[in-house]
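First the structure, in the form of structure tokens, and then the observations on it.
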Amino acid sequence: MTPLHIAFDDTDSRLGRCTTHLAYRVTKELTKTLGGELVDHPLLIRLNPNIPWKTRGNGAVCLRAKVRDSDRVIDYVRQAVEEGSAIGSGANPGVAFLKEEAVPEKLKRFSSFAMWDVSSRQQAEKVARECGIKFWTFGNGQGLVGSLGAMGCMLDHDHTFELIAYRTPKNCGTPRIINDDSIIKFSKETFPHTFNNYDQNHGRILIAPHGPDPVFFGVRGESPEIVLSAMSKISPEEKLEGYMVFRSNQGTNMHLQNELDLRMAKAYTAGYVRCRVKSRPHTIEGGHVIFSVEQSGSEMPAAIYEPTGLAKIAAALAPGDLIEIGVGVRKGTTLHPKILNIEYLQVNELAPIYNVANPLCRMCGRRMKSEGKNKGYQCEKCKFRDQKAQKIITVKERALKPGLYLPTAKAHRHLTKPMHRYGMEKNGFQYVK
Ligand code: ATP
């Protein structure tokens, strides 16, 4: 048996299909017919979520296997990707194969870069050649970036799992009927070992998409066993094609590991920024909150959008507050400057805010009026004059506490680390079949 890493991406379009579904079919063929054995769970890797040409969640897949006849497997997968992709209606697939056991460092570096920055197809081709990776591309071939991004992502630290169940072709496009109560019950019984199945605050089921794609539902969690248990607990009301468990970087904040320098923050990049609030937040139409932040003398506007549920928190920030924000950099236009779209807000230190009031009259207790600069105060009621009276300065109580603030579950990106996972991060992985 020889090692073979197989990765592909960009097989789908908004009209249907799904890269993970193709991975499910390829895995089935690979292990059932072609005699291959997986050495890790199929990987579902989410890359930079700010890439404008993504279809939905910027996901790519990688299968790490041992195979008997690698050329036969490569032929089969290449053809499956070509035939199973929506080429011509928006998909630009790339499929890549590495016949080594160890993943080259260069490929790992390319992958961590693709997590938060923008890579070109040419850069991907160069890395592929240098690492001895065989690849094929179709359409404009941009899918090669995602393929290499997935192949180079080892997930040897934090990771999660997702069970994805697939619909039969005849059911695709029809409404998904699932028993909501069974999801709510499952969610309550298995939290925090599964997550984002149900948004309690909004009474919304989160596991099922709404489009024409073949995903029936996806359940996320901390182990293969817990996500697999969903198949017997959640009752689908249609016959499914099958299901598969992926290992993934979803729910890990992997795209936000890099500290951004505001002087050179490029459009579409992701990362975190430690900064001070520079201007007072203001709320614009739609309830979104805008304020500017400063890092080492560089200033940039930042936005917290209303659907995150964090607008009230953001509005309570004040100039001087020390914060850390997870962000995506939105491209500037002729109408708007580049802006930091905030994904999490960590308030580290609140700046003191003061209330300043005129002194009270020593004779009658009424508030006094200033007589002019350095001229003292006079009481408007009893006319008592006081040359020595001073303004009363008190510290204002803040409507905000230091701490971490995250968007509500329905506004989470695939990569967003939910609050309860802080402290639950994994630090290694061993595949046991
Ligand atoms: P789905 O979630 O349904 O799988 P998707 O959102 O993953 O769809 P794709 O159709 O795969 O969308 O398109 C994403 C495209 O962006 C791919 O061509 C992928 O190679 C490319 N891409 C991913 N990450 C980067 C990056 N960091 N820089 C440049 N291109 C990227």
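Listed residues 2, 11, 55, 20; which is among the hydroxyl-bearing types (Ser, Thr, Tyr), surrounded by fewer than 18 Cβ atoms within 10 Å (Cβ to Cβ), within 23 Å of residue 152 (Cβ to Cβ) and in contact (Cβ under 8 Å) with a residue 12 or more places away in the chain?
From the options 2, 11, 55, 20, the qualifying one is 2.
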Restricting attention to segment 284-335, report how many residues are touching a helix residue (DSSP H, G or I) at 6+ places or on another chain (Cβ under 6 Å) and at negative phi.
-> 9
Just give me the residues in segment 130-149 being more than 9 Å from the ligand (Cβ to nearest atom), out of contact with any Pro (no Cβ under 6 Å at 6 or more places or on another chain) and within 18 Å of residue 4 (Cβ to Cβ), in sequence order.
-> 132, 133, 134, 135, 136
Single residue of segment 245-271 satisfying the filter (more than 16 Å from the ligand (Cβ to nearest atom) and either surrounded by fewer than 20 Cβ atoms within 10 Å (Cβ to Cβ) or of a type in the set (A, V, I, L, M) (or both)) that is farthest from the chain's Cα centre (by Cα) | 263
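For segment 311-411, give me every one of the strands (runs of 3 or more DSSP E) that falls completely inside it and has 1 or more residues that are over 30 Å from residue 118 (Cα atoms) and among the β-branched types (Val, Ile, Thr).
On the way: elements: 322-330, 339-349, 354-357, 368-370, 377-379, 392-395, 403-405.
The qualifying strands (runs of 3 or more DSSP E) are 354-357, 392-395.
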Any residue in segment 255-276 that's within 15 Å of residue 302 (Cα to Cα): show its pairings with residues that are assigned to a helix (DSSP H, G or I) and at pLDDT 95 or above at Cβ separation under 7 Å, as long as the two are six or more apart or on different chains.
-> 270/255; 270/256; 271/256; 272/256; 273/262
Within segment 19-30, is there a residue that is of a type in the set (Phe, Trp, Tyr) and near the ligand (Cβ under 7 Å from one of its atoms)?
-> no
Can you give me the ranges of the helices (runs of 4 or more DSSP H) entirely in segment 178-289 with at least 2 residues that are modelled with pLDDT under 95 and farther than 22 Å from residue 429 by Cα?
-> 180-190, 230-233
What number of residues in segment 57-111 are out of contact with any helix residue (DSSP H, G or I) (no Cβ under 9 Å at 6 or more places or on another chain), within 16 Å of the ligand (Cβ to nearest atom) and β-branched (Val, Ile, Thr)?
-> 1
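The values are calculated or read from the model by the stated rules, or taken from the named source; none is laboratory data. Model, not experiment: these values are computed from the prediction. When we count neighbours, we look across all protein chains shown, and the Cβ atoms used for this are built from the backbone with ideal geometry, even at glycine.
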